[in-house]
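One structure is given below, represented as structure tokens, and several questions about it will come after.
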Ligand SMILES: [Zn+2]
């Protein structure tokens, strides 16, 4: 497959964005405390592959712990279409919720590998013992 431009949004439509991504290369699921509660299924893109089109005034930020991960959300509808990570320093990448993308080819998504991460134990390179609930 190839890099494709997707539009995406929160539920109420206040947040509108675009990304360039190749979903066939794979997506991510993580068992850390917040990903579990969000049931986040994401695709990672670099900062130059993400464009916020509208809704900056509706964007709220939530951080905890190290504060490197900005779990942003729409303050009107509460949906979290994307978050960005400032780690290891000023390098920013975005985790995009695949559920908030338009026009996703479900067959392509299901055929792509899923990278499961044991964020709960800070072992991001490890696959968790249990992944069925993620
Ligand atoms: Zn919204």
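The numbers here are math on the coordinates, done by the rules we state, and not lab data. Being a predicted model, the structure only gives us computed values, none of them experimental.
From largest to smallest, what semi-axes in whole angstrom does the stretch 27-97 give when each is the square root of 5 times an eigenvalue of its alpha carbon gyration tensor?
Square roots of five times the eigenvalues give 17, 16, 13 Å.
Can you give me the three principal axis dimensions of the chain from its C-alpha atoms, in Å, biggest first?
If we take the Cα atoms of the chain, the spans are 39, 36, 27 Å.
Which of 64, 116, 93 moves most in a GNM of the chain, Cα contacts under 10 Å?
64
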